[in-house]
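To start, the structure itself, in structure tokens.
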Amino acid sequence: GLVFLTLHHVDNSEFEWLCEVLDYLQHCCDFLDPKAIENPEYTSKQTSRTQIILTFDDGFRCHKEIADECLESRNIKALFFIPTGFVGLAGKDALEFTQENFFPNSKPRQLPLGSYDAMTWREICSLIASGHTIGGHTGNHPQLSKIPKLDLKHEILNSADMLESKIKVKVRHFAYPFGSIETTCQSSYLVVKERFGWAYSNIRGMFHESPSRHFIYRQNIVPNSPVWLIKAIIEGRLDFRYRNIRKLANLRYENS
């Protein structure tokens, strides 16, 4: 089956781990260009190997470095979700945005100043030139279930318009900030469905289990996880922990 595999922040010291994971996965799986999902016929293709679409959330500068150092030599194309309010921030400004918007209920890892810098618009356009895909991720990464409906449209629609105006490419994909059942809602789902072709949660599950193409399940992996755990995640052996959450998501979003 098809698996959407997602990463968030990856420190430079963890690039070697990521390269080892990618090498392992390329032996047993096929990485797809995210644009493949836009082909109406892709779901009919049968394969004996697991197919993976790699995604990165939040627009950290380390993602551009990963694309250059880890993905290019392996011919892997990925999908990068960008919160427009974060673009270009560096140093203390980037760290403050990260703490307030990505980790509102916890603290990011204590890393040297600059580790949480964001990509610039030039770097994002460079990803596109290299064949990668860019998706929307709101303006300021809010919990969509906790903001007024008028703000939903500003965060989701206006940020996508701004993103398109900067990168000069149609934005067809969207990732819900945080992507949990608690931080999404029917109102945000309907706004997203109106604007995008595909949208992604952060709930564990395989693509074929997703309630709709506007609430696609993904498998999140954490830096320095052992290969045996990555294998178990890819095979869906951790999904049982999310069984009840997926049932609720299916009730809320299926055929909506």
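What the table below lists for this structure:
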read-out: Rg to Rh, two decimals, where segment 1-121 supplies the alpha carbon set and Rh follows Kirkwood; value: 1.02
read-out: Partner aspartates and glutamates for Lys247 [C-alpha distance under 15 Å; skip if fewer than 8 residues away on the same chain]; value: Glu182, Glu209, Asp239
read-out: Top of Ile203, Ile147, Ile82 by mean-square fluctuation, Gaussian network on the chain, Cα under 10 Å; value: Ile147
read-out: Arg241/Lys170 FRET efficiency (R0 45 Å; Cβ-Cβ; nearest 0.05); value: 0.80
read-out: Solvent exposure of the chain as accessible area per residue, Å², 1.4 Å probe; value: 47 Å²
read-out: Largest-first ordering by accessible area, 1.4 Å probe, given options Asp161, Asp57; value: Asp161, Asp57
read-out: Charge dipole magnitude, Cβ of K and R +1, D and E -1 - the chain, Cα centre, debye nearest 20; value: 860 debye
read-out: Kirkwood estimate for segment 178-238, i.e. one over the average of 1/r between Cα atoms, Å; value: 12.7 Å
read-out: Net charge dipole size for segment 81-214 [Lys, Arg +1 and Asp, Glu -1 on Cβ; Debye, nearest 20]; value: 280 debye
read-out: Global geometry of segment 110-154, whether rounded, prolate or oblate, following the gyration tensor of its Cα atoms and the 1.5 cut on a/c; value: oblate
read-out: Under 16 Å from the Cα of Lys92 - aspartates and glutamates, other chains or at least 8 residues apart; value: Glu100, Asp117
read-out: Heavy-atom accessible area ranking, 1.4 Å probe, most first, across Glu72, Glu38, Glu254; value: Glu72, Glu254, Glu38
read-out: Mean ellipticity per residue at 222 nm, deg cm²/dmol - from DSSP H runs of n ≥ 4 across the chain, formula -39500 (n - 2.57); value: -8500 deg cm²/dmol
read-out: Above-threshold pairs, the threshold being 29 Å between Cα atoms, out of Lys107/Lys193; Lys149/Lys231; Lys35/Lys166; value: Lys107/Lys193; Lys149/Lys231
read-out: Between segment 35-105 and segment 154-188, the alpha-carbon center distance in angstrom; value: 14 Å
read-out: DSSP-defined antiparallel bridges as percent of all bridges, the chain, nearest 5; value: 5 percent
read-out: Which label in (i) 15; (ii) 12; (iii) 28 gives the computed percent of Cα pairs over 32 Å apart; value: (i)
read-out: Whole-number percent relative contact order across segment 45-192, with pairs defined as alpha carbons under 8 Å at least 6 apart; value: 25 percent
read-out: Accessible area of Glu164 in the full protein assembly, 1.4 Å probe (Å², nearest 10); value: 40 Å²
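The values are calculated or read from the model by the stated rules, or taken from the named source; none is laboratory data. This one's a predicted model, so the numbers in the text were calculated from it and none came from an experiment. Counting neighbours? That spans all protein chains shown, and the Cβs are built from the backbone with ideal geometry, glycine included. Ligands, DNA and RNA are stripped out before the accessible areas are found, and what is left, the full protein with its side chains, is counted by its heavy atoms. Shrake-Rupley method; radii C 1.70, N 1.55, O 1.52, S 1.80 Å.
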